[in-house]
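Data block below; observations after.
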């Protein structure tokens, strides 16, 4: 992995554990020579990840739509800041630049980005692993729901397995590095799991 796309909140969230995990992930990526691709913000967990990776001497590429840059939420100390026209262009550019995806705690935007990256891998549009950093049980309810989707036959077990989950940055990076795509078609016959 040369670069990892990190999705996370533009807020720091309630628990200090979220910012601590964001800093630990940024530091670890920099220490391993893995670049960070992210949304280009200086606020919330986004800023924490970027600052930690930069402090460790890492490469950090931000991708931000012009309307957010105009609101002055962009990080001004990045290795590179790419300004794009739309949120759709932002996500496509981030995916193009990254070899894997990690979601830290975040809100609606983080969920939307995570599920889109996962869907792209599921449909075969990319062969890139996707992971959740489950900080302090943040993603526990979501993981339970995803397992429910498997049990109710809306998601195949092998497609659920695309999404790697771990509680520490080290464990998640190990899972992402070991992940290999499966040649499984997206669609399934009725009553087939």
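The values are calculated or read from the model by the stated rules, or taken from the named source; none is laboratory data. Quick caveat: nothing in here was measured; it's all calculated off a predicted structure. All Cβ positions, glycine included, derive from the backbone under ideal geometry; neighbour counts span all protein chains shown.
Scanning segment 121-133 for residues that are at pLDDT below 95 and either within 21 Å of residue 35 (Cβ to Cβ) or out of contact with any helix residue (DSSP H, G or I) (no Cβ under 9 Å at 6 or more places or on another chain) (or both) yields 121, 123, 124, 126, 127. Within the option set 98, 50, being out of contact with any helix residue (DSSP H, G or I) (no Cβ under 6 Å at 6 or more places or on another chain) and farther than 30 Å from residue 183 by Cβ holds for one residue only, 50.
Report yes if some residue within segment 29-37 is in contact with a helix residue (DSSP H, G or I) (Cβ under 7 Å, 6 or more places away or on another chain) and not in a helix (DSSP H, G or I); otherwise report no. Looking through segment 29-37, at least one residue is in contact with a helix residue (DSSP H, G or I) (Cβ under 7 Å, 6 or more places away or on another chain) and not in a helix (DSSP H, G or I).
Residue-level check: of (1) closer than 17 Å to residue 12 by Cβ; (2) within 16 Å of the chain's Cα centre (by Cα); (3) surrounded by 21 or more Cβ atoms within 10 Å (Cβ to Cβ), residue 52 misses just (2).
Is it the case that residue 158 is without any contact (Cβ under 8 Å) to a residue 60 or more places away in the chain, in a helix (DSSP H, G or I) and surrounded by fewer than 17 Cβ atoms within 10 Å (Cβ to Cβ)? Yes: the conditions hold for residue 158. Taking the criterion of being in contact (Cβ under 8 Å) with a residue 40 or more places away in the chain, surrounded by 15 or more Cβ atoms within 10 Å (Cβ to Cβ) and in a helix (DSSP H, G or I), would at least one residue in segment 64-87 satisfy it? For segment 64-87, residues in contact (Cβ under 8 Å) with a residue 40 or more places away in the chain, surrounded by 15 or more Cβ atoms within 10 Å (Cβ to Cβ) and in a helix (DSSP H, G or I): absent.
Only one residue in 9, 58, 13 is in a loop (DSSP other than H, G, I, E, B), surrounded by 20 or more Cβ atoms within 10 Å (Cβ to Cβ) and more than 17 Å from the chain's Cα centre (by Cα), so which one is that?
Result: 58 is the single residue among 9, 58, 13 that is in a loop (DSSP other than H, G, I, E, B), surrounded by 20 or more Cβ atoms within 10 Å (Cβ to Cβ) and more than 17 Å from the chain's Cα centre (by Cα).
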